[in-house]
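Quick notes on the structure that follows.
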Amino acid sequence: MRLQHLLGLKTLARITNSKLSNCDIGTNEIIFEPIKENIEKKIDVKITTAASIGLLLQPIQIACLGFHQPTTLEISLEGGGTIGKWAPGLNYLKNVTYQIFKNTNYNIDIDIHKYGFYPKGGARTVCNIDIPREELKSIELTELGNIDLVKGQIVCSEKLKNAKVLERIKSSIEKKIKEKIEIDTDIYFEYVKSLSIGVGLSLWANSDNGAIISSGTMLGEKNISSEELGNKAADKLINYIRNEIPVDNYLSDQLIPIMGYIRKPSKIKVLEITNHTKTNLELIKHFTNREYFIDKKENHTIIELHQE
């Protein structure tokens, strides 16, 4: 168990007044005794490190699917990381994951008041979750559809402004996408005040049938130039588009829990099945007794959850 997982569980226990066994970073087994009454409507969370806010929120957003009261939950977070390694950045969640959730009638929004990077974090964010009041719509994402615009958001510490880091990343993305797939781009970038120096970006593209494909969250690193980072992000997105994949590798494992909650059958088409996706499929099978079906093709895989 990593710190963000621990914080997520402890926050969920506070929200639901539930019992959580003594656990710490590295704990392999936990006992969580849920209580469905006296759910908190608003909670403040303090994070003293750069623990991923996106991962902290995951167990909470899954648990909220089973709440009956309150109608909304507000989580104010002081500290933590908005963009981090091996974790969904908040701009990615806001523009990709939560938009797909919205299509099922599950509404989550997050406001970023201050960005936080590794190792100090220091973000300030507010997450609002609307508890679903009606049965969620099934997820059917097996066709990419048509795409005519690639959007993106690049964020960087203002200490790197003189090096024109964001301008160079943006230019490389635009050049590669224009050369390879001839699609228009709308890339927004912003230099921000932050406790630690960092660079993060996400590219995404909305199709005409409701799919949103993305590069995922990409981080700047010392051994990667701005141009290389921009090219890597563009290449990831281009690969999904060329293979007509409507669900990127990072989104797939985030969709599995909500697919498991939805009673009607759901189906998604992915480029490959990640280890996280495999784990979530097995967990859903144990928690819901629902069977899943995997159909592996030459350049894609279909994942289907059957009717409850």
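The values are calculated or read from the model by the stated rules, or taken from the named source; none is laboratory data. Note that the structure is a prediction, hence the values are computed from the model and not measured. Cβ atoms come from the backbone with ideal geometry, glycine included; neighbour counts cover every protein chain shown.
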(message) Of everything in the stretch 14-54, what is among the hydroxyl-bearing types (S, T, Y), in contact (Cβ under 8 Å) with a residue 24 or more places away in the chain and surrounded by fewer than 17 Cβ atoms within 10 Å (Cβ to Cβ)? Give them in sequence order.
(response) T27, T48
(message) For the structure I just gave you, tell me whether L57 is without any contact (Cβ under 8 Å) to a residue 40 or more places away in the chain, buried (at least 17 other Cβ atoms within 10 Å of the Cβ), within 21 Å of S202 (Cβ to Cβ) and not polar (S, T, N, Q).
(response) no
(request) Grab the strands (runs of 3 or more DSSP E) fully contained in the stretch 98-160, keeping just those with 2 or more residues being at pLDDT 95 or above, under 24 Å from G66 (Cα atoms) and outside the structural domain of A234 (by TED's automatic domain parsing). (result) 108-114, 124-130
(message) Yes or no: the stretch 20-31 includes at least one residue that is of a type outside the set (S, T, N, Q), part of a loop (DSSP other than H, G, I, E, B), touching a Pro at 6+ places or on another chain (Cβ under 7 Å) and in the same structural domain as Y118 (by TED's automatic domain parsing).
(response) no
(request) Considering only the stretch 62-90, state which residues are surrounded by 24 or more Cβ atoms within 10 Å (Cβ to Cβ) and part of a helix (DSSP H, G or I). (result) L90
(message) I'd like to know if the stretch 215-227 contains one or more residues that are in contact (Cβ under 8 Å) with a residue 12 or more places away in the chain, out of contact with any Gly (no Cβ under 8 Å at 6 or more places or on another chain), on the phi < 0 side of the Ramachandran plot and assigned to a helix (DSSP H, G or I).
(response) yes
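Keeping to the stretch 254-308, report how many residues are in contact (Cβ under 8 Å) with a residue 60 or more places away in the chain, surrounded by fewer than 17 Cβ atoms within 10 Å (Cβ to Cβ) and closer than 22 Å to E134 by Cα.
Residues that pass the stated criteria total 3.
Return the only residue of K236, K180 being more than 24 Å from G79 (Cα to Cα) and either touching a Cys at 6+ places or on another chain (Cβ under 6 Å) or buried (at least 17 other Cβ atoms within 10 Å of the Cβ) (or both).
On the way: K180 fails: either touching a Cys at 6+ places or on another chain (Cβ under 6 Å) or buried (at least 17 other Cβ atoms within 10 Å of the Cβ) (or both).
Going through K236, K180 in turn, just one is more than 24 Å from G79 (Cα to Cα) and either touching a Cys at 6+ places or on another chain (Cβ under 6 Å) or buried (at least 17 other Cβ atoms within 10 Å of the Cβ) (or both): K236.
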(message) Take the residues in the stretch 207-233 that are under 21 Å from the mean Cα position of the chain (by Cα) and hydrophobic (A, V, I, L, M, F, W, C); name whichever of them is surrounded by the fewest Cβ atoms within 10 Å (Cβ to Cβ).
(response) L219
